[in-house]
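A short write-up of the structure that comes next.
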């Protein structure tokens, strides 16, 4: 059985003066990813497919270097488009994110609608999986679209109740052939022991 994993990038270097898609990993995020890259559970990974945002590419590069696997980037795997608001302070961001998940058919403050972001990330995942290449697949992306993908494959409605825990650096997995969820969000540290 081939396994498909969706990994969210861990902690980033927050800089309000830099567009969010250009943020890179923080030292903590980099250290967490390096520990993951040394874990054996990724040994059967033959494809690493990342969002083209810097933090996702940096995460994927650390893992790919250890596994000796090339990275494919896909522009449309980006996080939900929040460019209408730009950087929001954490408390305000959480309120808007709550609305994004609670009202997925509406554009909250100009953000990409949840249903549109979900269609986009599912389309990207299915395009990769339709190639039927041997081995496990690792998608490296973001929390919101990762949650939307999880909701799709698990048959749940869009709801923040299914969001990864705070902090990033979480992974869920599903069976490639059946698309059945194998496990929900788990912290990287749970999988590196």
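The values are calculated or read from the model by the stated rules, or taken from the named source; none is laboratory data. From a predicted model like this one, the values you see are computed outputs, not experimental measurements. All Cβ positions, glycine included, derive from the backbone under ideal geometry; neighbour counts span all protein chains shown.
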Open item on the list: Give me the residue from region 40-60 that is in contact with a helix residue (DSSP H, G or I) (Cβ under 9 Å, 6 or more places away or on another chain) and without any contact (Cβ under 8 Å) to a residue 40 or more places away in the chain and, out of that set, farthest from residue 19 (Cα to Cα).
Closed with: 43
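Just to check your reading of the model, which residue among 95, 99 is in contact with a helix residue (DSSP H, G or I) (Cβ under 9 Å, 6 or more places away or on another chain) and either outside any loop (DSSP other than H, G, I, E, B) or modelled with pLDDT under 95 (or both)?
It is 99.
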- [ ] Identify all residues within region 97-113 that are closer than 28 Å to residue 30 by Cα and surrounded by 15 or more Cβ atoms within 10 Å (Cβ to Cβ); write none if there are none.
- [x] 97
Task: Filter pass, residue 64 being in a loop (DSSP other than H, G, I, E, B) and either within 19 Å of residue 23 (Cα to Cα) or in contact with a strand residue (DSSP E or B) (Cβ under 6 Å, 6 or more places away or on another chain) (or both) - done: no
- [ ] Considering only residues that are free of Cβ contacts under 8 Å to residues at least 24 places away in the same chain and outside any helix (DSSP H, G or I), look in region 15-37 and name the one that is farthest from residue 189 (Cα to Cα).
- [x] 17
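The rows are residues; the columns are (1) assigned to a helix (DSSP H, G or I); (2) in contact (Cβ under 8 Å) with a residue 12 or more places away in the chain.
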site: 125; (1), (2): yes, yes
site: 140; (1), (2): no, yes
site: 156; (1), (2): no, no
site: 171; (1), (2): no, yes
site: 179; (1), (2): no, yes
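What tally of residues in region 38-60 results from selecting those that are buried (at least 17 other Cβ atoms within 10 Å of the Cβ) and assigned to a helix (DSSP H, G or I)?
8
With the requirement that a residue be more than 14 Å from the chain's Cα centre (by Cα), assigned to a strand (DSSP E or B) and free of Cβ contacts under 8 Å to residues at least 24 places away in the same chain, what does region 181-193 give you?
Residue satisfying the conditions is 183 alone.
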Task: Subset of region 158-169 [surrounded by 14 or more Cβ atoms within 10 Å (Cβ to Cβ) and either assigned to a strand (DSSP E or B) or in contact with a strand residue (DSSP E or B) (Cβ under 9 Å, 6 or more places away or on another chain) (or both)] - done: 162, 163, 164, 167, 168, 169
TODO: Give me a count of the residues in region 67-89 that are exposed (fewer than 15 other Cβ atoms within 10 Å of the Cβ) and assigned to a loop (DSSP other than H, G, I, E, B).
DONE: 7
